[in-house]
Amino acid sequence: MLKGNERRECIRKDLMKSLKAMKGAELAKKYGVSRQVIVQDIALLRAVGEQIVSTADGYIYFSFHMNMPKRVFAVQHNQDDIEKELKLILDLGGSLLNVFIHHPIYGDLVADMNIENTHQMQAYIKKCQTVEFKPLMLLTDNVHYHTVEANSEKDLDRIEQALQDLGYLYEDEGDYNEAND
């Protein structure tokens with residue numbers, strides 16, 4: 001059995017090499033420890049700066065794509081349109097990095113999404129349906145923001161136009177794209 005530091009290094013390497021998310025139970029079985037030990041290992045790896053995120057499918061190593069264009073979209077729609085919005089963004093070549101709101105008391109509340117494909121989207125939607133889910137947008141009259149990444153500015157332009165065509169685009173006085181450049 002590996003010592004804690006050795007196991008964490010192996011977990012880090014596993015996640016960096018994996019093309020898909022890895023469940024905590026899968027890692028626990030591989031290393032002969034409990035799932036709770038894996039949760040603690042992940043927390044320790046994050047504490048030293050490793051970019052590991054939790055998704056509905058398990059843990060992934062988030063590799064920030066420095067050269068890929070990103071844009072923040074301010075949107076407003078009802079809760080029933082979440083799946084339609086996500087599918088539109090993915091179908092037009094975007095990946096959803098996060099969702100956030102501007103709360104008048106708590107400031108910016110951000111949740112990582114890291115949804116890059118329809119499989120991840122479906123897992124996210126399924127999870128939302130199986131738990132008592134209340135999206136952040138309910139706190140701000142359905143106004144929320146997504147940071148979206150794509151292969152090109154043209155892809156982002158198409159996403160923006162499609163969101164506009166559906167009436168989802170929200171005109172906001174803040175410009176969060178400059179902060180993310």
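The values are calculated or read from the model by the stated rules, or taken from the named source; none is laboratory data. Note that the structure is a prediction, hence the values are computed from the model and not measured. In this analysis, Cβ positions are derived from the backbone assuming ideal geometry, glycine residues included, and neighbour counts consider all displayed protein chains.
Listed residues 82, 38; which is surrounded by 16 or more Cβ atoms within 10 Å (Cβ to Cβ), part of a helix (DSSP H, G or I) and in contact with a Cys (Cβ under 8 Å, 6 or more places away or on another chain)? If you could, list the steps in order and put the result at the bottom.
Details: 38 fails: in contact with a Cys (Cβ under 8 Å, 6 or more places away or on another chain).
The unique qualifying residue is 82.
Can you find a residue in region 134-145 that is under 21 Å from residue 59 (Cβ atoms) and either assigned to a helix (DSSP H, G or I) or of a type in the set (Asp, Glu) (or both)? Walk me through how you get there before you give the answer.
Looking only at region 134-145, we keep the residues that are under 21 Å from residue 59 (Cβ atoms), and these are none.
Taking every residue of region 134-145 in turn, none turns out to be under 21 Å from residue 59 (Cβ atoms) and either assigned to a helix (DSSP H, G or I) or of a type in the set (Asp, Glu) (or both).
Do we have any residue at all in region 48-65 that's in a helix (DSSP H, G or I), out of contact with any Gly (no Cβ under 9 Å at 6 or more places or on another chain) and of a type outside the set (S, T, N, Q)? It would help to see each step written out before you state the result.
Here is the first cut: in region 48-65, the ones in a helix (DSSP H, G or I) are none.
Scanning region 48-65 turns up no residue that is in a helix (DSSP H, G or I), out of contact with any Gly (no Cβ under 9 Å at 6 or more places or on another chain) and of a type outside the set (S, T, N, Q).
Has region 162-178 got at least one residue that is assigned to a strand (DSSP E or B), modelled with pLDDT of 90 or more and either more than 25 Å from residue 59 (Cβ to Cβ) or over 19 Å from the mean Cα position of the chain (by Cα) (or both)? Even if it seems obvious, please write down each step before you answer.
Filtering region 162-178 for residues assigned to a strand (DSSP E or B) gives 169.
Adding the requirement that they be modelled with pLDDT of 90 or more leaves 169.
After this cut, where a residue has to be either more than 25 Å from residue 59 (Cβ to Cβ) or over 19 Å from the mean Cα position of the chain (by Cα) (or both) as well, the list is 169.
Yes: one or more hits.
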Legend entry - Enumeration of residues in region 85-99 that are in a strand (DSSP E or B) and crowded, with 19+ Cβ neighbours inside 10 Å: 94, 95, 96, 97, 99
Inset, instruction - For region 11-25, state whether one or more residues are surrounded by 16 or more Cβ atoms within 10 Å (Cβ to Cβ), in contact with a helix residue (DSSP H, G or I) (Cβ under 7 Å, 6 or more places away or on another chain), under 30 Å from residue 156 (Cα atoms) and β-branched (Val, Ile, Thr). - result: no
Inset, instruction - Name the single residue, out of those in region 26-55 being out of contact with any helix residue (DSSP H, G or I) (no Cβ under 7 Å at 6 or more places or on another chain) and closer than 23 Å to residue 122 by Cα, that is modelled with the highest pLDDT. - result: 26
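State yes or no: is residue 157 among the acidic types (Asp, Glu), out of contact with any helix residue (DSSP H, G or I) (no Cβ under 7 Å at 6 or more places or on another chain) and at pLDDT below 90?
Spelling it out, it is not the case that residue 157 is among the acidic types (Asp, Glu), out of contact with any helix residue (DSSP H, G or I) (no Cβ under 7 Å at 6 or more places or on another chain) and at pLDDT below 90.
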Inset, instruction - Sort through 43, 74 and tell me the only one that's more than 24 Å from residue 119 (Cβ to Cβ) and touching a residue at least 40 places away in the same chain (Cβ under 8 Å). - result: 74
Legend entry - Any chance residue 105 is under 16 Å from the mean Cα position of the chain (by Cα) and not assigned by TED's automatic domain parsing to the domain that holds residue 19: no
Legend entry - Pairs, first touching a residue at least 24 places away in the same chain (Cβ under 8 Å) in region 14-37, second of a type in the set (Ser, Thr, Tyr), C-beta under 7 Å, six or more apart: 15/59; 15/61; 16/61; 21/55; 21/59; 22/59; 24/59
